[in-house]
Amino acid sequence: MLSLLRRLALPNSCSEVTSALVDDNSPAPEIAAGVQYAHPDAATLLLALGGAWTVRGKLPAVSDAIREIDAAPAVRRVTFDTRALGAWDTALLTFLLGVIRHAKGKQLTIDRDGLPQGMSGLIDLATAVPPVEGAAEKRSRRSLVTIFGEAAIDFAAGTGRLMAFIGEAAMSFGRLLTGRPARFRHSDLWLFIEQAGVDALPIVSLLSLLQGLTMAFLGAAQLQMFGAQIYVANLIGMSMAAEVGAVMTAIIMAGRTGAAYAAQIGTMQVNQEIDALRTMGLEPMDFLVLPRMLALILMMPLLYLYANLLGMFGGGVIAVLVLGITPEQFVNQLFAAVPLSVFVTGLCKSAVFGLLVALSGCMQGVNCGRSAAAVGDATTSAVVMAIVAIIVGDGIFGVLAPPFPVGQ
Amino acid sequence: MAQSARGEPIITVEQLTMAFGSFVVQKDLNFTVKRGDIFVIMGGSGCGKSTLLRHLIGLQTPAAGKVYYGRESLWDAKPADRLSILRRTGVLYQSGALFTSMTLAENVSLPLQTYTTLPPGQIREIVSTKLALVGLAGYEDFFPSAISGGMMKRAGLARAMALDPEILYFDEPSAGLDPITSKRLDDLILQLRDDLGATIVMVTHELPSIFAIADNSVFLDNVKRTATAVGDPKEMVRTTNDEMVREFLTREGTLNEVALPAAATSSAASASSPSSSAGAS
């Protein structure tokens, strides 16, 4: 609390009260801020300010003073009496600025003599720099047409950014493939490979194993009705290899690694690190995006295989324990059921999913705004975008390279 | 400002030792900040200036020693009491530390909304006043990302002043500012002290600022790991026997006696001379 006293008008005994370090929990026993209006003569309005004018108390409204000024059109001069004024801080300044601004607008004379010491300096300071013109952004209501229009423009701009990003990423990739120096730190690549590979194993293990167990358990009940328990191997094998293995690892990686990429690059954007890279002549696309893309494209197929292994193991556990199938039978049936081509498609699909996850994460990071909230938005968008891309991509793969003949 | 209130101790540091684990940053610090002072914590890079500030504003626990606000010991107080002590202070962080997802007005009004019972309309008016005081009138709805570094610092100051604290802490207020802006910030600090009666504690190594506005100071030596000088820097530069202090305050002797401030009170005149010679060398 910045308690100030008017030195001239108040006796010293009073100043001691407020000068002691006052505990904030027990507000000083001061009178609440108040203002009284008087007309010493027809052309003068006198504002008698009393009590404690601090932000921690209750304050009179400026609008009352403005009303008082407007109510007496004969008034040409505004004066102040602050003999009853206790502690004050910028709350009083705010009130006075409001009064002065209104009085100036009405061409009234303002007599600052009655104001406390220091106040005049503060008023000058606060009015020294005129408010910046046109800076106040109007928060007007927008019509439905405007909202749709702006959304359409945003969408177009977003699509443009997406295309530009994909193009740049492709060029960066091209630089790598044609042997021209795509500059990034190889230690970064190994770090990203570790993060997207080994570090992801525990969560992938857990989820694939559970997925295999669950599918086999639920499928077993259905297959038992036909006495076709042995086909649980087909069920697990095909669903893991053709669909679940690839999509589930991709979604795990979107939430785990794609989000991390968006947050890393987004924070670098906030810290101007990306600007620093550019001025060093390092293309952010090469330095930041390329190693991340490579890491995910390389690691995702491996994770896919690993997830299949664990999922099929989970299915086998159910087959052996619940359905009474021997492990040999299960493995033989599995090999017979899943052709190698399904794995090949699955591996390709995983690599594409890896690319999609890395692209979404990096793109949202690079296009991140410069605030903490923007980093959060970028992370969210990265995950959502990656999952949408994965599901759409999976659909396209399903149509172009179906794991088994469709139709007749 | 009532003169009787000035000069009484407002912050007292006793035998303060600061350490990170077993690494002692500074030991046995003793100094007193008086009400109405502009107190400077100075010293070379890495000597623990900012760490000392963090001990004063309750962010870091001392390894030993006491920090008193008035008669209350900050680190012996219960957490709730410590908060109420610290609510009498405002801090301007080195780069403003504005909340980037809030507008300037929202940044400044956050403490007012939290700790006062004022209606939203009056909070908005007070926020506008604070922004006007730091020369940012009309920038209420700007986001921190849309304004310059100097403006961010001033907006940070407006937020630090939101509750009109008794004590304002500044961490390197003029770092990264041009000489004119930094001079104006010094003037603003002086005016806040003179007109609003605030006590100012600042961490800085800007010699022009130190000579222009400081009343009292402590010098932290990063080799001896303790305070080697306490007092008015304008006196200190003449009277010190410590080689490091003299080198620091004279820029290794490149500020000659002529350029150094003549008298303790002529702050306006002294402000320009060290800065001009500092700029020339």
Using the structure shown, decide if A:LEU2 is closer than 20 Å to A:LEU97 by Cβ, open to solvent by less than 30 Å² (accessible area, probe 1.4 Å) and at pLDDT below 85. yes
Find the residue count for the range B:213-225, including only residues that are out of contact with any Phe, Trp or Tyr (no Cβ under 8 Å at 6 or more places or on another chain) and open to solvent by 10 Å² or more (accessible area, probe 1.4 Å). 4
Among (1) more than 18 Å from B:PRO165 (Cβ to Cβ); (2) more than 9 Å from every other protein chain (Cβ to nearest Cβ); (3) modelled with pLDDT of 85 or more, which single condition is A:ALA74 missing? (3)
Answer from B:LEU157, B:LEU118, B:LEU163, B:LEU133 - the residue that is modelled with pLDDT of 85 or more, open to solvent by less than 10 Å² (accessible area, probe 1.4 Å) and within 12 Å of chain A (Cβ to nearest Cβ): B:LEU133
Options B:THR181, B:THR254, B:THR228: the member that is open to solvent by less than 60 Å² (accessible area, probe 1.4 Å) and not in a helix (DSSP H, G or I): B:THR228
Consider B:ARG6 against the criteria (1) open to solvent by 20 Å² or more (accessible area, probe 1.4 Å); (2) under 23 Å from B:ARG88 (Cα atoms); (3) more than 14 Å from chain A (Cβ to nearest Cβ): it satisfies all of them except one. Which criterion is unmet? (3)
Test for B:LEU190: is it aliphatic (A, V, I, L, M), open to solvent by 10 Å² or more (accessible area, probe 1.4 Å) and under 21 Å from B:LEU53 (Cα atoms): yes
Flag if B:GLN113 is touching a helix residue (DSSP H, G or I) at 6+ places or on another chain (Cβ under 7 Å), surrounded by fewer than 24 Cβ atoms within 10 Å (Cβ to Cβ) and more than 25 Å from A:ASP124 (Cα to Cα): yes
Of those in the range B:87-99 that are within 12 Å of another protein chain (Cβ to nearest Cβ) and open to solvent by 40 Å² or more (accessible area, probe 1.4 Å), the residue farthest from the chain's Cα centre (by Cα) is B:PHE99
Quick check on A:ALA228: is it at negative phi, without any contact (Cβ under 8 Å) to a residue 40 or more places away in the chain and hydrophobic (A, V, I, L, M, F, W, C)? yes
Checklist (1) farther than 21 Å from A:MET163 by Cβ; (2) not in a helix (DSSP H, G or I) applied to A:CYS368, failing item: (1)
Residues that are within 14 Å of chain B (Cβ to nearest Cβ), within 28 Å of the chain's Cα centre (by Cα), modelled with pLDDT under 90 and surrounded by 10 or more Cβ atoms within 10 Å (Cβ to Cβ): does the range A:162-176 have at least one? no
Consider A:LEU347 carefully, then state whether it is in contact with a helix residue (DSSP H, G or I) (Cβ under 8 Å, 6 or more places away or on another chain) and surrounded by fewer than 21 Cβ atoms within 10 Å (Cβ to Cβ). yes
Of A:LEU235, A:LEU296, the only residue that is crowded, with 24+ Cβ neighbours inside 10 Å and either assigned by TED's automatic domain parsing to the domain that holds A:GLN364 or part of a helix (DSSP H, G or I) (or both) is A:LEU296
B:SER174 passes all but one of the listed conditions (1) surrounded by 23 or more Cβ atoms within 10 Å (Cβ to Cβ); (2) assigned to a helix (DSSP H, G or I); (3) among the hydroxyl-bearing types (Ser, Thr, Tyr); the exception is number (2)
Looking only at the range B:74-86, how many residues end up being away from chain A (no Cβ under 11 Å), in contact with a strand residue (DSSP E or B) (Cβ under 7 Å, 6 or more places away or on another chain) and buried (at least 16 other Cβ atoms within 10 Å of the Cβ)? 1
Looking only at the range A:250-293, which residues are within 14 Å of another protein chain (Cβ to nearest Cβ) and either at pLDDT 90 or above or open to solvent by less than 40 Å² (accessible area, probe 1.4 Å) (or both)? A:GLY266, A:THR267, A:GLN269
Could you tell me how many of the residues in the range A:57-99 are open to solvent by 10 Å² or more (accessible area, probe 1.4 Å), within 13 Å of A:LEU45 (Cα to Cα) and not acidic (Asp, Glu)? 10
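The values are calculated or read from the model by the stated rules, or taken from the named source; none is laboratory data. All values derive from a computational prediction rather than experimental measurement. Glycine gets a Cβ as well: all are built from the backbone with ideal geometry, and neighbour counts include every protein chain shown. All accessible areas refer to the heavy atoms of the entire protein, side chains included, with ligands and DNA or RNA removed. Shrake-Rupley method; radii C 1.70, N 1.55, O 1.52, S 1.80 Å.
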